[in-house]
Amino acid sequence: MTALGTDALARLDAIANERGIALAVDAPLAPLTTLRVGGLADRLATPRTRDELLAVLESAREAGVPLFVLGNGSDLVVADAGIRGLVIRNRARELVVEGVAMRGDAGVAMAALVRRAAATELAGIAFGISIPGSLGGAVWANAGAHGGEMRDVITAVEAWDPRDGSLRQVAAADCAFAYRDSRFKHSPEVIVAAELSLAPGEGAAIAAEVAEHRARRQATQPLADQNAGSVFRNPPDDHAGRLIEAAGLK
């Protein structure tokens with residue numbers, strides 16, 4: 001059996017069974033990531049709504065089982081040894097637009113969020129078309145592209161704390177956003193949803209900007225193959241891409 005032991009997993013199985021939560025046992029994780037590598041998860045849950053996600057999170061907390069939340073699995077390297085405990089493949093994807101405000105579950109794909117914003121003529125998030133992950137992952141890493149970052153548009157984040165099972169609204173000012181960083185990288189909190197503030201725009205102009213970003217990404221990255229995309233952090237006053245190319249490693 002795994003180093004986690006049978007007792008905690010047995011408790012999780014019992015709680016999940018009681019609550020009608022489906023768990024896959026020894027689930028392969030490689031097919032769930034863009035890099036297609038890695039071993040098994042002791043248990044895998046796939047919640048498809050916010051309430052299902054919270055139920056799974058609480059079940060893991062009560063069972064004392066460590067958890068790992070997986071979004072779109074982009075640029076994620078899973079060890080051959082796999083992941084002990086519970087992996088949650090978050091498929092909660094509700095997206096609500098009210099005026100210039102947008103609220104999305106953490107499992108919403110960034111591409112889908114950008115398309116929705118463009119369809120409702122909201123500007124400010126077109127850069128997100130080049131972020132292959134989910135909204136939760138983008139907030140977690142303060143992801144960015146084409147001169148924009150998530151901290152430019154995030155107003156609040158809903159987070160679940162495994163230490164006491166509480167839900168809290170975290171204002172953007174308290175998210176400690178920095179270059180490819182946020183408080184959530186240094187906390188056990190799980191991002192459940194996020195709120196964005198965008199700006200009114202003109203549909204054709206927004207669509208053109210999105211198309212330009214998409215074309216640039218397709219021209220510079222081998223999207224038809226397994227690749228890690230742009231995952232390097234830029235050093236101060238320089239660009240990782242330039243350094244890699246100068247070293248002959250491109």
Measuring from label point to label point, each 7 Å out along Cα→Cβ, what is the Ala247 to Asp164 span in nm?
4.5 nm
If you count, for each residue, the other Cβ atoms within 10 Å and average over each peptide, how do 191-204, 171-184 line up from highest to lowest?
191-204, 171-184
With θ set to phi - 60°, apply the Karplus curve 6.51 cos²θ - 1.76 cosθ + 1.60 along the stretch 156-165 and write out the HN-Hα couplings as whole Hz, x wherever there is a Gly or Pro.
7, 10, 8, 10, 9, 9, x, 6, 9, x
Taking all pairs of distinct Cα atoms, average 1/r, flip it, and tell me the Kirkwood hydrodynamic radius of the chain in Å to one decimal place.
19.2 Å
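Pull out a ≥ b ≥ c, the square roots of the eigenvalues of the alpha-carbon gyration tensor of the stretch 116-165, then state rounded if a/c is under 1.5, prolate if not and a/b is larger than b/c, and oblate in the remaining case.
prolate
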Between the residues Gly107, Val139, Pro31, the Cα farthest towards the positive end of the dipole of the stretch 29-139, that dipole coming from +1 and -1 charges on the beta-carbon of Lys, Arg, Asp and Glu, is from Pro31
Just to confirm the number: angle between the C-alpha axis of helix 110-119 and the first principal axis of the chain, 0 to 90 degrees, nearest 10?
50 degrees
Along the positive direction of the dipole of the stretch 166-222 (beta-carbon charges: Lys, Arg +1; Asp, Glu -1; about the Cα centre), which of Ala176, Ala207, Ala219 reaches farthest?
Ala219
How much accessible area per residue does the chain have, counting only protein heavy atoms and a probe of 1.4 Å, in square angstrom?
50 Å²
Ranked highest first by average number of other Cβ atoms within 10 Å, how do 19-29, 65-75 line up?
65-75, 19-29
For the chain, what is the charge dipole size about the Cα centre, in debye to the nearest 20, if Lys and Arg each add +1 at the Cβ and Asp and Glu each add -1 at the Cβ?
400 debye
Heavy atoms only, probe 1.4 Å: what % of the accessible area of the stretch 15-118 goes to carbon and sulfur, would you let me know?
52 percent
What's the carbon and sulfur percent of the stretch 123-162's accessible surface, probe 1.4 angstrom, rounded to a whole number?
56 percent
In degrees, nearest 10, range 0 to 90: what is the angle between the Cα axis of helix 203-220 and the longest Cα principal axis of the chain?
80 degrees
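The values are calculated or read from the model by the stated rules, or taken from the named source; none is laboratory data. It should be emphasised that the depicted structure is a prediction, and the values quoted were computed from it without experimental measurement. Note that we place each Cβ from the backbone using ideal geometry, even for glycine, and neighbour counts take in every protein chain shown. Areas reflect the complete protein model, heavy atoms only, side chains present, ligands, DNA and RNA absent. Shrake-Rupley method; radii C 1.70, N 1.55, O 1.52, S 1.80 Å.
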